[in-house]
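S.K.: Quick one: the structure is below, and I'll ask about it shortly.
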Amino acid sequence: MVQSPIFQNISNLSSKDQVLFTRFGCGPTAMVPHYTVHEAFEHIVDTYPSAAAAKHSGRIITYADLDVEANRLANYLIGLGLKPKQRVCLVVQRSLEMLVGIFAVLKSGCQYVPMDGGVVSDEALQHTLSDTDAFFTLCLPKFEEKVKRLARPDVRIICLGTGAERFLSSDRPTVSVNADDGAYAIYTSGSTGKPKGVDVSHSNVTNALLLEPGRLGITAGTKVGQVLSVSFDMGAWEMLACLINGGTLCLRTSSWEETLHEIDVLISTPSVLAKWSRKQFPNIKTVVTGGEPCPQSLADKWAVDTTYYNICGPTEVTILNSAHLHVPGQKLSIGTPLPNTTVYVLDEQESPVAIGTKGSMWVGGAGVTRGYINLPKITEQRYKRDKFRNDGSTMFNTGDIVRWRDDGSLETLGRSDDQVKIKGFRVELDGVTAVVEKYPGVPRACTMVVHGKLAAFYTAKIPIKEEALDAFARQHLPFYSVPERWIRVLTIPLTPNGKVDKRNLAQLALHTVITKPDSIARPLSTIAATPQIVELEKDLERGEVDDSPVTRSSLSIIKGGAISISESLESRLDALPAKKGFHGQRWLRHRAFILYRRFFSVVLLANIAVACFILYQRVKRDRYILADVSTAFAANLCMTVLMRSEPVVNLLFTVACSVPTSWPLAIRRHCARVFHIGGIHSSCAIAAVAWFTIFTIGASLEFAKESALRCLGLAPVILTYLVWPILAAIAMTSHPAFRAKHHDVWEATHRFGGWTALILLWVQTFLATKDLAIGVAPSRAYLTSPGVWLLAVATCAIIFPWLHLRKVPVRSEVLSSHAVRLWFDYTDPVVGTAVRLAERPLRDWHGFATITNTNGRGFSLVVSNAGDFTARTIARAPTSIWVRGIPTCGVLRIAPLFRSIVLVATGSGIGPCLAVILARKVPCRILWTAPNHEQTFGRALVEEVLATDPNAVIHNTRTMGKPDMPLLAWRLYKESGAEAVCVISNKVFTQKIVYAMETRGVPAYGAIFDS
């Protein structure tokens, strides 16, 4: 290896710094033994054919067998039309089939794009499938349906491990591939927007992984752990570095310990490594940390008796650009440039800074990738011509703030995107974190700005006085960079890539009670599943970690959920607190006179007042009142219909839910009761029947008069007699008790009786208006009659949903014999709405809550077995179905009014909740009770719940019995710091939970079953 000559365009530096800038910034020049990844792999195959290439879940595959399988699959793909230089998406999880897919794609001359099918969101998967313009996608069979649903129709989907290629030739394909062709593309997390695809070439990979230190000393027989996300570039390092250098790849299962006990080489993020003790795994000989800043204490512990590298390098420079071989006690750094790599420390004008001065790290050389896929503008901003080498190559701005030390190593000072302004001063968050981690007893910390305040999160195995921690920070930091809030946690949460999950921490900060500086902070603890539920291994990759013993509780969960709860609250949450107020007052406020009944009462009182006024007019002024009675009836009928009209309901909900979360909760909690407008509907309906009864009596009295004195003719009176029993029947069958037992009768009475009454009312109104308008021309009487106009408005509202009657295509996903999920694309509803479905549009209609698709287009809904219609729908899995009207707002439309909520669902009530859960716009904790969740609703649906709330309480009533729902809801409310509780359940549970919460001062909302 030799050094490169002096750089150009560095004349602004002193002579001494020019020499050091070149000496420090230029890595050794070295020859790479192979130019493509699969060529290097095939060299190992030819050298060690019988050596174990990989092992997973008891299965082992040799290099020769892996090569044969990959060759067959590559030949199969080529035969199907796969062309060189295309991108192929891999939707997989750790498996031997995944490795076959990777090398098959490479041997086909194509570039693979890995995605973890168990972690990737629908939105991210759909974006990647589209952005790569891939015509072929390889996936494990369990992800086939997911890929089909999100991929373009012209994409060819091949399931790995099905043996479709087993009869193809095992010869290596003769596709010409050069070093500059694409090897893989990694899509970054996209935490600030859509994921960006980084285009990585073969030469990028071989330079990084075939030369030391990136090779990590891997040779035949070296056991390398594959523990990180397969869609993470450090995951590519694990797999490819092992298999192109002859090692044995140990693919992790759910048991981390099992894998860690058998490997020699571990590549990890500091956040993941911090969960394990060096003493537990003396077998590990080589350790690498990267992806985020590493605490000195962690490096010192793991560097004992190991070859320990701390590295730096984003995906855009192929995993790593510098590495530091650490010795315990030595000051930690990110080391020196890799072979064939250059590192420049530049200022904001992209000019070199003096040695020892901090600046932005730019990287040039063989590791710089080809840019971002389909993002030329961003590529142009971050990738620029390397003016220091001036050889046509490019350099990349990593965004890291670094400086050169005197020994030629790089010291990292955080990231440019982690620089924030506090009190007018620029603060580097990583620098603050590093100071906090120096305090005795604090192994891990993270600092971030939450709502304008600097918050420090830290772990500590023993209680720490935050007054002392605060004083320590003030000794080592400027006053403006001392955290204003200290939040102790048992563990720092992680993203799927093993990095600190700052979104999760920000949410935690919003829900954490501020403690006094001199208090001993209590961390958030976890309560594990009860003995009746089998506890599965926590997945560090997904952030399911805990470095303390767990506390047993009667609360239950399913597979990977854990109930987070503040230890400071545990002792107070064994029972519900006392209710507020005295018994009679509570009953009146939260039962007898809820807002629904207050609306009901106000409307009835208003009608009584109007009746008194009309009676007064009759008695005092001898005014003829039948016209006034008719108008009062029409007004109430119109309001009855409008309060159930979809556009009106949506308008009222939209207005009420437009109140920003910055407004006081006292206002927002009342706006959230907008769904109580059903009280207006019910009271106006009763009032309308009452007014029509008065009109009927008045019309009958007309016949007691002499014919010359009668104001109404015989025809309108007969029609009145025909309409009255229909309206009375509609009103009586609408009683909640009758409707619950005889829903079909109620619906038929409403629909057919309502239509009949409407037709008769139009005839009766025209005849009565003409008769009552004495001395006025009929045409003028009709135009000036309030009753005619009110009836016209009501008729338009009744007709409106039938104008939207149509039969639409639907895709059925049968979850079990008890439930089916229906997928639609005919409209794009907002979160918290419902649609009506029917097999026979003139018979029965059924409402179901919509679940807006994460890409914003179309929706789905869950139908569970609750009657004849639902049972038939599940059995026949329809391909088309009737819909009517437009999506209409329901209870959960109110969710955006709150900063965070607790969702309580029983059984199929999870369906409506999924709309809020999957939208991920309102932070929520989830309590879901049902019998056998996975068997009933399918694993995918359960995983969707856990993806939003990994600590969701999922209680199996079949094995655990019925829980104390109010107590569980109260616990989640207090634990999470939520602003409200929303309940989707049956009438008994809904009223029970809402009453239990409201009587304790908690805003709680559930459907009104009396409406």
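S.K.: Specify the residue that is farthest from S645 (Cα to Cα); the eligible residues are those in region 825-875 that are polar (S, T, N, Q) and in a strand (DSSP E or B).
M.R.: My answer is S864.
S.K.: Only residues that are touching a Gly at 6+ places or on another chain (Cβ under 7 Å) and buried (at least 24 other Cβ atoms within 10 Å of the Cβ): list them for region 291-302, please.
M.R.: Correct list: G291 only.
S.K.: Here are V808, V820, V863, V788: which of them is in contact with a Phe, Trp or Tyr (Cβ under 8 Å, 6 or more places away or on another chain), β-branched (V, I, T) and closer than 22 Å to N986 by Cα?
M.R.: V863
S.K.: Could you please find all residues in region 424-483 being part of a strand (DSSP E or B), among the hydroxyl-bearing types (S, T, Y) and more than 17 Å from L413 (Cα to Cα)?
M.R.: Within region 424-483, just Y458 meets the criteria.
S.K.: Failed condition for F582, given (1) farther than 25 Å from A781 by Cα; (2) at pLDDT 90 or above, with all others met?
M.R.: F582 satisfies all of (1) farther than 25 Å from A781 by Cα; (2) at pLDDT 90 or above except (2).
S.K.: May I pose another question? In region 853-899, which residues are hydroxyl-bearing (S, T, Y) and closer than 27 Å to G678 by Cβ?
M.R.: Of everything in region 853-899, those that are hydroxyl-bearing (S, T, Y) and closer than 27 Å to G678 by Cβ turn out to be S860, S864, T870, T873, T888.
S.K.: Give region 123-156 a look and list any residue that's touching a residue at least 40 places away in the same chain (Cβ under 8 Å) and outside any helix (DSSP H, G or I), or say none.
M.R.: Selection gives T132, D133, A134, F135, F136, T137, L138, C139, L140, R156.
S.K.: Here's another thing I want to ask about it. Restricting attention to region 948-974, which residues are assigned to a helix (DSSP H, G or I) and at pLDDT 80 or above?
M.R.: Result: T948, T957, M965, P966, L967, L968, A969, W970, R971, L972, Y973, K974.
S.K.: Look through I373, I334, I311 and report the one residue that is of a type in the set (A, V, I, L, M) and out of contact with any His (no Cβ under 9 Å at 6 or more places or on another chain).
M.R.: From the options I373, I334, I311, the qualifying one is I373.
S.K.: Please go through region 25-42 and pick out each residue that is out of contact with any Pro (no Cβ under 8 Å at 6 or more places or on another chain) and surrounded by fewer than 22 Cβ atoms within 10 Å (Cβ to Cβ).
M.R.: Selection gives M31, V32, P33, H34, Y35, E39, E42.
S.K.: Then there's this: Within region 586-629, how many residues turn out to be more than 41 Å from the chain's Cα centre (by Cα), modelled with pLDDT of 80 or more and exposed (fewer than 15 other Cβ atoms within 10 Å of the Cβ)?
M.R.: Matching residues across region 586-629 total 11.
S.K.: Right, another one. Got a sec? Which of G977, G961 is free of Cβ contacts under 8 Å to residues at least 12 places away in the same chain and not hydroxyl-bearing (S, T, Y)?
M.R.: G961
Here is a yes/no grid of residues against (1) without any contact (Cβ under 8 Å) to a residue 12 or more places away in the chain; (2) in the same structural domain as C711 (by TED's automatic domain parsing); (3) surrounded by 14 or more Cβ atoms within 10 Å (Cβ to Cβ):
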position: T749; (1), (2), (3): no, yes, yes
position: F752; (1), (2), (3): yes, yes, no
position: T756; (1), (2), (3): no, yes, no
position: W762; (1), (2), (3): no, yes, yes
position: L767; (1), (2), (3): no, yes, yes
position: V776; (1), (2), (3): yes, yes, yes
position: R780; (1), (2), (3): yes, yes, no
position: L783; (1), (2), (3): yes, yes, no
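S.K.: Out of K438, K358, report the one residue that is touching a residue at least 24 places away in the same chain (Cβ under 8 Å) and surrounded by fewer than 16 Cβ atoms within 10 Å (Cβ to Cβ).
M.R.: Matching residue, one of K438, K358: K438.
S.K.: Quick check on region 781-793. Is at least one of its residues under 30 Å from E702 (Cα atoms) and part of a loop (DSSP other than H, G, I, E, B)?
M.R.: Checked against the condition, which is being under 30 Å from E702 (Cα atoms) and part of a loop (DSSP other than H, G, I, E, B), region 781-793 yields at least one hit.
S.K.: Check off (1) closer than 30 Å to H735 by Cβ; (2) surrounded by 21 or more Cβ atoms within 10 Å (Cβ to Cβ); (3) touching a residue at least 60 places away in the same chain (Cβ under 8 Å) for R668 and give me the number that stays unchecked.
M.R.: Here R668 clears every test but (1).
S.K.: Which count do you get for residues in region 657-696 that are over 17 Å from A978 (Cα atoms) and under 25 Å from the mean Cα position of the chain (by Cα)?
M.R.: Going through region 657-696 one residue at a time, the tally reaches 3.
S.K.: Could you grab the pairs with beta carbons closer than 7 Å, sequence gap of 6+ or different chains, first residue in region 21-34 and in contact (Cβ under 8 Å) with a residue 60 or more places away in the chain, second one among the hydrophobic types (A, V, I, L, M, F, W, C) and part of a helix (DSSP H, G or I)?
M.R.: That search, which allows pairs on different chains as well, returns H34/A40.
S.K.: Can you name the residue in region 816-845 that is at pLDDT 90 or above, among the aromatic types (F, W, Y) and surrounded by 16 or more Cβ atoms within 10 Å (Cβ to Cβ) and is also nearest to the chain's Cα centre (by Cα) among such residues?
M.R.: W823
S.K.: Name, by its number, the condition in (1) under 13 Å from G313 (Cβ atoms); (2) surrounded by fewer than 23 Cβ atoms within 10 Å (Cβ to Cβ); (3) among the polar types (S, T, N, Q) that does not hold for T369.
M.R.: So T369 meets the others, but not (2).
S.K.: Return the only residue of E702, E706 being more than 24 Å from W762 (Cβ to Cβ) and acidic (D, E).
M.R.: Among E702, E706, only E706 is more than 24 Å from W762 (Cβ to Cβ) and acidic (D, E).
S.K.: Going through region 102-155 one residue at a time, which ones are polar (S, T, N, Q) and over 26 Å from T495 (Cβ atoms)?
M.R.: Hit for region 102-155 is S108, nothing else.
S.K.: Would you confirm whether any residue within region 949-967 is among the basic types (K, R) and in contact with a helix residue (DSSP H, G or I) (Cβ under 8 Å, 6 or more places away or on another chain)?
M.R.: No - not one qualifying residue is present in region 949-967.
S.K.: Check every one of the helices (runs of 4 or more DSSP H) wholly within region 233-281 and list those with 3 or more residues that are buried (at least 24 other Cβ atoms within 10 Å of the Cβ) and under 29 Å from the mean Cα position of the chain (by Cα).
M.R.: 233-243
S.K.: With (1) closer than 30 Å to P496 by Cβ; (2) among the basic types (K, R); (3) in a helix (DSSP H, G or I) as the list, and K992 as the residue in question, which single condition is left unmet?
M.R.: (1)
S.K.: Of the numbered conditions (1) under 22 Å from Y624 (Cα atoms); (2) surrounded by 14 or more Cβ atoms within 10 Å (Cβ to Cβ), R811 satisfies every one except a single condition; which is it?
M.R.: (1)
The values are calculated or read from the model by the stated rules, or taken from the named source; none is laboratory data. Here the structure is a predicted model, which means the values were calculated and not measured. Don't worry about glycine lacking a Cβ; one is built from the backbone with ideal geometry, like all the others, and counts go over all protein chains shown.
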